[in-house]
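Here's the structure we're looking at; comments come further down.
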C-alpha cells in the first residue's frame, strides 16, 4: 500500500510531529507509515484522512500485489 | 489505542530498580547473613534459603517482567505490533536455543541448569529485540529530514 501523507503534510504545512500529536501517536509511527514500513490500522488511516479533510482513498492507495 | 494490558510507564523504572537491587544481594549474600544449611532449607516459607531465593531470583524476574511489559511514553498501535513481533521472535529463538542446548547435553545435571536458565532467557531476548527495534525506529526517524 502506498500513501501520499508527505505531500498532504506539505500542502497543510504541518510536520510529522504535529500530525502525530493530532492523532495521538508517536512521531516514529508517522515516519514508518510515510516510508511504507508500516501499514496503519483502519482506525488510524481514518484519523489521518480526517486531519487532511479528504477521503481515505485519496491518501492511501492499494498497490499491485496487495 | 489500548489493545492489551500493560503496566504503567513508571513501572519500567521500578523494574530497573528491582533488577539492580538483586545484584548486591547476590554479591554480598554472606555478609547479609543468609544461611544455606539443610535446616534453613527445611524451614519453609520464612526460612533463610527461601527468602534468599525470593529477594534474588524472584526480584530479578519481577524486574525483568515490569521492564519488558510496561507502556512506552507514547503508546500506539505500531509499538504494539513491534512488541508482538519481538515477543514472537523471542519465543522462537529461546526455544531453538533450548532444544539445541538440551540435544547437546547428555548430563542430566547440566540439563537442569539449562532449564533454570530458561526462566529468564526468553524475557531477556525479548527485551533486547524490542529495545533494538525501538532504537532502529527512532534512528530512521532522526535520519529522515522533515
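The values are calculated or read from the model by the stated rules, or taken from the named source; none is laboratory data. Every value quoted in this text rests on a predicted model; they were computed, and no experiment measured them. Neighbour counts run over all protein chains shown; Cβ positions are idealised from the backbone, glycine included.
Condition check ((1) exposed (fewer than 14 other Cβ atoms within 10 Å of the Cβ); (2) modelled with pLDDT of 95 or more; (3) away from every other protein chain (no Cβ under 12 Å)) across all residues:
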{"site": "B:76", "(1), (2), (3)": "no, no, no"}
{"site": "B:91", "(1), (2), (3)": "yes, yes, yes"}
{"site": "B:113", "(1), (2), (3)": "yes, no, yes"}
{"site": "B:119", "(1), (2), (3)": "yes, no, yes"}
{"site": "B:128", "(1), (2), (3)": "yes, yes, yes"}
{"site": "B:134", "(1), (2), (3)": "no, no, no"}
{"site": "B:143", "(1), (2), (3)": "yes, no, no"}
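For residue A:23, the test of being surrounded by fewer than 19 Cβ atoms within 10 Å (Cβ to Cβ), within 25 Å of residue B:135 (Cα to Cα) and free of Cβ contacts under 8 Å to residues at least 60 places away in the same chain is passed.
Among the residues of this structure, residue B:141 does not count as one that is assigned to a loop (DSSP other than H, G, I, E, B), outside the structural domain of residue B:19 (by TED's automatic domain parsing) and free of Cβ contacts under 8 Å to residues at least 12 places away in the same chain.
Of all the residues in region B:70-84, those that are closer than 21 Å to residue A:37 by Cβ and in contact with a helix residue (DSSP H, G or I) (Cβ under 7 Å, 6 or more places away or on another chain) number 6.
Scan region B:47-70 for residues that are surrounded by 16 or more Cβ atoms within 10 Å (Cβ to Cβ) and in contact (Cβ under 8 Å) with a residue 60 or more places away in the chain and the total you get is 7. Got at least one residue in region B:3-23 being without any contact (Cβ under 8 Å) to a residue 60 or more places away in the chain, more than 23 Å from residue B:138 (Cα to Cα), more than 14 Å from chain A (Cβ to nearest Cβ) and in a loop (DSSP other than H, G, I, E, B)? Yes.
Being in a helix (DSSP H, G or I) and surrounded by 13 or more Cβ atoms within 10 Å (Cβ to Cβ) is the filter here; which residues of region B:99-109 pass it?
Residues satisfying the conditions are B:101, B:102.
Residue A:47 fulfils the conditions (1) surrounded by 12 or more Cβ atoms within 10 Å (Cβ to Cβ); (2) within 21 Å of residue B:137 (Cα to Cα) except for a single criterion, (2).
If you take just the helices (runs of 4 or more DSSP H) that sit entirely in chain A, which of them hold at least 3 residues that are within 9 Å of another protein chain (Cβ to nearest Cβ), touching a helix residue (DSSP H, G or I) at 6+ places or on another chain (Cβ under 9 Å) and within 22 Å of residue B:72 (Cβ to Cβ)?
Details: elements: A:5-12, A:16-22, A:27-34, A:42-52, A:56-59.
It comes to A:16-22, A:27-34.
Residue pairs whose Cβ atoms lie under 6 Å apart, separated by 6 or more positions or on different chains, with the first residue in region B:83-98 and outside any helix (DSSP H, G or I) and the second at pLDDT 95 or above and surrounded by 13 or more Cβ atoms within 10 Å (Cβ to Cβ), do not occur.
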